[in-house]
Amino acid sequence: MQYQQILDTIKAESLIRSNTGEVASYIPELAKIDPDKFGMHLYCINSGHYGFGNEDERFSIQSISKVFSLTLAMTLLEDELFERVDVEPSGDPFNSLIQLEYENGIPRNPFINAGALVIADILVSAIENPKQKLLDFTRKITGNPTIDINPKVYDSEKKHSHRNASLLNLMKSFGNIKNDIETVLDLYIYQCSIEMSCRELATAFMIYANAGNTLSDNIQVISPRKIKRINAIMQTCGFYDEAGEFTFRVGLPGKSGVGGGIASIHPGQYAVTVWSPPLNVKGNSELGMYALERLTTLTGFSIF
Ligand code: GLU
C-alpha cells in the first residue's frame, strides 16, 4: 500500500476545504490553540511510519485518554468491571446527566464522561498513586518516557469541572462511586490533560491494532480477548453521539477528544491519528473525520 502517497493526497484535499468547525472553548486553555494546526500519522504493522503536517507537535489528548484508563483498568480487573459501567452507545452528548438518572447511576459506556469517571474511581480503589501509574502506562505503550501532562490545561479544567463534579455526585448518590469525589475528579482531569503528538498516539494505539502487543518493544500489554472488547467499545461508543456516523463514513474503531485529535485503528494493519482542533457540532474534529474517511476510501479498506 502506498500510504505516503495516500496521505499526501489527503493533505492536499483537506487544505482546500473550508472548515466550519470551532475550537473547544468550555475549557478556556483549549480555546488558545491555533485552529490551523493539522497533522496526521499512520503506523503500519508491516511497513512503519508515514505522516504529514504537525504530526510531531503535542496536543491535549482529552477523551482519547479514556481508552488508556479503560485499558489499564482491564489489565487489573476481569468482567466485574462491567457491572459498574455498561457497553452500549449513549446517543447523548459526552457530558450528559439525563440517562444516569433513570438508569440508576450506571453509565452507558466507559467513553462518555460518566463512564470514564467510574473507571477513574476503579483505578483510585485498585492502585496507589493512580495518576503516576496511568501516566507511566501511557509512557510504556508509547515507548516514550517524556510523555506528560500540560499543567495549564489541567489547571484550566480544574476551574471548569462543575458538570463532571455533578456526574460524580449523582453516581455517588446511587452508590456507584466509592471514593472521595475530589480525588476521582482530579485523576480524570489529570488524564485528560496528557499531551501527545499524532506520531506518539499512533504508536500507543498500536496495541489495539496488534492484539495487545506494542510491536516496537514487543511487550504484550493486555490479552487479545480484552483488546477485542476495547475495540468493540471504540467502534460503538468512541465518538460521542456521532459513533454511528463515524462508523458509517470511516468504518474503523477509534476515539476522539475535544482537543481535536482522533486515534483510530485497522486491526492487523495500522494505527492512525489525525489532529485538527476545530470541532463539529457533535464535538469531533471536522477535518479529522474527513481525513479518515478519505483514508479508508483511498485505500479501499475498512473493517467492513
Ligand atoms: N476533559 C474533557 C471533559 O471532561 C474531555 C471531553 C472530551 O474530550 O470529550 O469535558
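Read-outs throughout are calculated quantities, based only on the coordinates presented, and are distinct from any laboratory measurement. Here the structure is a predicted model, which means the values were calculated and not measured. Cβ atoms come from the backbone with ideal geometry, glycine included; neighbour counts cover every protein chain shown.
Computed from the Cβ-Cβ distance with R0 of 41 Å, the FRET efficiency linking Leu97 to Thr9 stands at 0.45. Over region 39-84, the reciprocal of the mean inverse Cα-Cα separation, the Kirkwood hydrodynamic radius, stands at 13.4 Å.
Using only Cα atoms, tell me the angle between helix 162-173 and the longest principal axis of the chain; keep it within 0 to 90° and round to the nearest 10. The answer is roughly 50 degrees. Sequentially through region 95-100, phi angles give Karplus couplings (6.51, -1.76, 1.60; θ = phi - 60°) of 10, 6, 9, 4, 4, 4 Hz, Gly and Pro residues having no value and appearing as x.
The shape of region 219-261 can be summarised by an equivalent ellipsoid whose semi-axes, obtained from the alpha carbon gyration tensor, come to 21, 13, 8 Å from longest to shortest. Rg then Dmax, both in Å and based on the Cα atoms of region 103-150: 13.1, 41. A Cβ-based charge dipole, computed about the Cα centre of region 23-155 with Lys and Arg at +1 and Asp and Glu at -1, lands at about 420 debye. The mean of 1/r over all distinct Cα pairs in region 182-304, once inverted, gives the Kirkwood hydrodynamic radius of 14.8 Å.
With N set to the number of residues, divide the alpha-carbon radius of gyration of region 147-252 by 2.2 N^0.38 Å and report two decimals.
Normalised Rg, Cα atoms only: 1.30.
The Cα atoms of region 240-304 define a convex hull whose projected area, averaged across directions, is 3.8 nm². Applying the Kirkwood pairwise sum to the alpha-carbon positions of region 1-114 produces a hydrodynamic radius of 17.7 angstrom. Report, in debye and to the nearest 20, how large the dipole of the chain comes out about its Cα centre when Lys and Arg carry +1 and Asp and Glu carry -1 on their Cβ. That gives a dipole near 340 debye.
Measuring against 27 Å, Cα to Cα, the residue pairs Lys32/Lys178; Lys32/Lys255; Lys11/Lys158 contain Lys32/Lys178; Lys11/Lys158 as the ones spanning a longer distance. Couplings 3J(HN,Hα) for region 27-39, derived from phi with the Karplus relation 6.51 cos²θ - 1.76 cosθ + 1.60 (θ = phi - 60°), are 10, x, 5, 5, 5, 7, 5, 5, x, 8, 4, 7, x Hz, where x marks Gly and Pro.
For region 59-130, the extents of the C-alpha atoms along the principal axes are 33, 32, 17 Å, listed from largest to smallest. Calculated [222 nm] ellipticity per residue, helices only, for the chain: -13000 deg cm²/dmol; basis is -39500 (n - 2.57) per DSSP H run with n ≥ 4, divided by all residues, nearest 500. Going from the fewest other Cβ atoms within 10 Å to the most, the residues His266, His162, His41, His49 appear in the order His162, His49, His266, His41.
Label-to-label distance for Ile45 and Lys152 is 4.0 nm, based on points extended 7 Å past Cα in the beta-carbon direction. When Rg and the Kirkwood radius Rh are both evaluated on Cα atoms of the chain, their ratio Rg/Rh stands at 0.94.
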